[in-house]
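The values are calculated or read from the model by the stated rules, or taken from the named source; none is laboratory data. Just so it is clear, the model here is predicted, and its values are computed rather than measured. Every residue, glycine among them, receives a Cβ derived from its backbone with ideal geometry; neighbour counts consider all protein chains shown.
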Amino acid sequence: MRLRPKIVVLPGWWYEVLCGALGAAALALLFVGGARFPDLGPLLVFTALMLVAENSSILLPSSPSVSPSFMVVMAAIAAFGNHGALIGAAIVGSTAGFVLDLLRHRRYTTVAFNWGQYLLASAAAAAVYGALTDVSRLAAFVAAIAAFATVNASSVIAQVVLNYGTRPRQVWADMRPVLPNYLAFGLLGVFVGWLYSSLGAITVPLLVIPAIITRKVFASFLELREAHEATVKVFIRAIEAKDRYTAGHTERVAKYALYIGEELRLSGPHMEHLRYAALLHDVGKLAVPRRILNKPGRLTEAEYSVVQRHNQVCVDILTRVDFMRSMVGTASDQHAHYDAGEAEREQSRLVQEAHIVAVADAFDAMTSTRSYRRALPQDVAFAELLSKAGTQFNPKCVEALIRAIEKRNEHYGLGYEEGAVEFEVPPPVVGVGSAGLGDIIPPQVGS
């Protein structure tokens, strides 16, 4: 894997330069130390393959990217064997830094990082292989794969943490699904390397074909992901056009939901599903008239019944879109209310996600200015959540949100709102009903 290009200035540029310098120092030591140089022909072949593999890699939405280049490194080690594997693998691995996309964007420190960390990972793999090859060739290659994965993954995690401010746990969660590919790609590369040492360059297509297939698979995956993102954005824009308040509300609810998910140590795919569901939780508002959404006060019984239908509309909309169907239980209110009695029996992923979205939605409802109430202070919102924990809200989700916000030293609510919506009728400082009820304020009896 390698790092995706970034347009922002990198606060961790020094770490990238350091990795490049360490790679250069390691390569210089190999030359000065008299390490055996591999045959020029195979070295040129694998170096060229590495350039092609790295420049055909697919950038995933998360921080790391996946490329078939690791196959090339392991194939080179297997082909070189005891005839220059250490310095040969280092040279082949260092080629990973020369990615045209990064050079075109003048991300020279990222080029240095990829060059250095891939060189070090490749050299580590070759060194482990050389140390264990007399014991068992298969065990030596498995250990070499593990050595490469350790150096490569740890380097990328540190780089992402420094440059993006992402927590190590989240980077690891994004990266973990990719790790099995190390073993699969590595063993395939070893197999091709063995064939190359016996049959020569005729085996090169065995590396090129998997590289092409891998790229097509990940390209299809990205196209599908982009289509999903575009679909979600269409719904969000439609809601925003109807209710100005929702413009920032859905993004904030998604952010708070991810805060909770991170504290609860949800997996990467789980977090992605949670994000989509949080963004779509208000899609049912499309069926609610604007005059009701922005009414500055209690709803009449007739208006309240209209608002209540928004949940069924949410279900109807999401069930009509294939990839959204699994989000119905989370985005709608089907499982949102916490029931302590059922908590012991029902611990499904969808119920957990619904509880997370319910807490995130209520917190943003309280800390944002609504048509019927000004934003409440953050400590009041926390107190409201805690008072309802165990009855209306899942206590673990409440504790996780409070812990995440305090850990980040962030502040929301009265005095900290950004881009608060200005309503035609200024909302009162103190609202009616319980802020913890979110958007829906029940009608007065007899109104």
Inset, instruction - Check whether at least one residue in region 388-411 is part of a loop (DSSP other than H, G, I, E, B), of a type in the set (Asp, Glu) and either at pLDDT 90 or above or assigned by TED's automatic domain parsing to the domain that holds Lys295 (or both), and report yes or no. - result: yes
Legend entry - Single condition Ala75 does not satisfy, out of (1) more than 16 Å from Leu120 (Cα to Cα); (2) among the small types (Gly, Ala, Ser); (3) at pLDDT below 80: (3)
Legend entry - Every pair of residues 6+ apart whose Cβ atoms lie under 8 Å, when the first sits in region 218-232 and is surrounded by 11 or more Cβ atoms within 10 Å (Cβ to Cβ) while the second is at pLDDT 80 or above and in a helix (DSSP H, G or I): His228/Tyr276; Val232/Tyr276; Val232/Leu279
Legend entry - Arg265 at positive phi and touching a residue at least 40 places away in the same chain (Cβ under 8 Å): yes
Inset, instruction - Give just the number: which of (1) in contact with a helix residue (DSSP H, G or I) (Cβ under 8 Å, 6 or more places away or on another chain); (2) surrounded by 18 or more Cβ atoms within 10 Å (Cβ to Cβ) does Arg169 not satisfy? - result: (2)
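Out of curiosity, is Val204 under 17 Å from Ile77 (Cβ atoms), surrounded by 13 or more Cβ atoms within 10 Å (Cβ to Cβ) and at pLDDT below 75?
Spelling it out, Val204 is indeed under 17 Å from Ile77 (Cβ atoms), surrounded by 13 or more Cβ atoms within 10 Å (Cβ to Cβ) and at pLDDT below 75.
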Legend entry - Selection status of Ala147, farther than 30 Å from Arg408 by Cβ and either crowded, with 20+ Cβ neighbours inside 10 Å or in the same structural domain as Leu119 (by TED's automatic domain parsing) (or both): yes
Inset, instruction - Could you tell me whether Leu376 is in contact with a Ser or Thr (Cβ under 7 Å, 6 or more places away or on another chain), surrounded by 17 or more Cβ atoms within 10 Å (Cβ to Cβ) and modelled with pLDDT of 80 or more? - result: yes
Legend entry - Which listed residue is modelled with pLDDT under 90 and outside any helix (DSSP H, G or I), from Arg176, Arg169, Arg106: Arg106
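With in contact with a Ser or Thr (Cβ under 8 Å, 6 or more places away or on another chain) and either aromatic (Phe, Trp, Tyr) or modelled with pLDDT of 85 or more (or both) as the only criterion, which of Leu27, Leu43 stands out?
Leu27
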Inset, instruction - Hey, could you check region 261-304 for residues that are hydrophobic (A, V, I, L, M, F, W, C), under 30 Å from Ala404 (Cβ atoms) and out of contact with any Cys (no Cβ under 8 Å at 6 or more places or on another chain) and say which is modelled with the lowest pLDDT? - result: Leu293
Inset, instruction - Determine whether region 332-341 contains at least one residue that is surrounded by fewer than 23 Cβ atoms within 10 Å (Cβ to Cβ), under 23 Å from Arg275 (Cα atoms) and modelled with pLDDT of 70 or more. - result: no
